[in-house]
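Structure first, then comments.
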Amino acid sequence: VSQLKPVRGFRPCFNCCLYRLLPVTPCASDMHGLIHVIFKGFVVDSFGADAWAEIMKQAGIEDDSTILEMKQYDDELTLAAVQIGAKVAGAPVEDALELFGGYFVGFAASNGFKPLLKSLGTNLFEFLSNLNILHHNIERDFTSAIFPLVEVKQGSGKPGDAEYSFMLFYASSRPGMHQVLRGALKKATEVLFNADLEIEERPSHDSSVIASSEAQVCLTWELKVKSRACQQEHAITGAKTRRASFREAAATHGHSAALPAPEEPAKEEPKHKDASSFSFFDLHAALASVFSCSCKEKPSANLVEPVCADG
């Protein structure tokens with residue numbers, strides 16, 4: 001078992017709102033402007049510019065540049081914008097959170113932070129083994145941040161092979177964030193390791209992280225990784241076989257025909273505008289602001305109940 005715990009350990013915060021999406025009493029904390037930038041990109045790319053314009057209209061914001069600067073904003077502003085966004089998009093909250101998780105990773109990777117992410121490991125297992133260390137480094141500079149803890153346990157196959165699986169144990173004080181993690185893991189597996197990821201929920205057993213924490217959410221996932229390079233090799237072999245058969249059939253019937261065009265390689269994701277304006281510090285501050293909370297009052301309502309899958 002690979003277990004890397006932050007020095008501060010797990011600190012549950014039972015009065016946190018659900019990723020700024022729930023109708024709760026706002027936290028007395030701030031949200032970094034980079035989160036607004038990423039949220040705008042997510043809305044525009046997923047639902048169109050008109051959806052973003054409608055969100056700004058309902059939020060009473062005439063010029064969105066006033067909320068897109070690299071500085072801290074009151075949580076109430078972010079909460080209001082995201083709540084309106086959910087209504088405008090008409091999408092289930094859990095689906096939206098998963099999509100946003102993937103979008104966040106894609107945004108970071110396409111704006112110069114891919115080397116930082118890849119430095120955590122050469123495969124997904126190593127990456128998650130070192131994730132707590134990255135969180136702890138951010139917590140040292142932003143003490144209000146309360147990141148989840150993860151623990152991994154090797155399963156079938158060897159990490160880095162064409163196909164392998166392992167168990168992920170997750171403990172968090174924030175309900176709903178696991179949906180963001182689901183989307184983020186799938187996207188990270190794709191852009192960092194050129195592989196596909198399948199996630200299956202399992203009973204939460206044999207985890208010291210889950211057993212020792214007072215988390216509101218404790219989950220166990222089985223992660224199955226399959227290299228795209230292996231799949232691409234099979235596809236290329238199949239294409240060559242089909243082309244050879246096509247030639248043979250054409251020669252047999254005494255005529256020639258145009259061969260099927262080879263498939264074009266996948267295009268890289270376009271780099272977001274103003275990428276140079278986002279610094280390493282901005283990314284840290286943005287992550288910390290998502291997980292920070294100095295709540296003084298209990299939430300008035302919850303859309304997603306706390307979950308602890310104990311089997």
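Stretched out straight at 0.36 nm per residue, the stretch from Phe281 to Glu222 would grow longer than its current Cα-Cα span by 17.9 nm.
Residues in the stretch 27-92 average 48 Å² of solvent-accessible surface per residue, probe 1.4 Å, ligands and nucleic acids excluded. Note: the stretch 80-185, Cα convex hull, 139 Å³ per residue.
Residues whose amide H falls under 5 Å from that of Glu163, counting only those 5 or more places apart or on a different chain, are Ser227, with hydrogens built in the peptide plane. The label-point distance for Lys158 and Lys118, in a model that sets each label 7 Å from Cα toward Cβ, rounds to 2.2 nm. Taking θ as phi - 60° and the Karplus parameters 6.51, -1.76 and 1.60, the scalar couplings of the stretch 79-87 work out to 4, 5, 4, 6, 4, 5, x, 4, 5 Hz in sequence order, x denoting glycine and proline.
Can you put Ser227, Ser65, Ser173 in order of accessible area, largest first, using a 1.4 Å probe? Spell out each step's value before the answer.
Details: Ser227 25, Ser65 55, Ser173 5 Å².
If we order Ser227, Ser65, Ser173 from most to least accessible, we get Ser65, Ser227, Ser173.
The values are calculated or read from the model by the stated rules, or taken from the named source; none is laboratory data. Bear in mind that the values here come from a model prediction, so they are computed numbers and not experimental data. Cβ coordinates were reconstructed from backbone atoms using ideal geometry, including for glycine residues, and neighbour counts include every protein chain displayed. We work out accessible area using only protein heavy atoms, side chains counted, and drop any ligands, DNA or RNA first. Shrake-Rupley method; radii C 1.70, N 1.55, O 1.52, S 1.80 Å.
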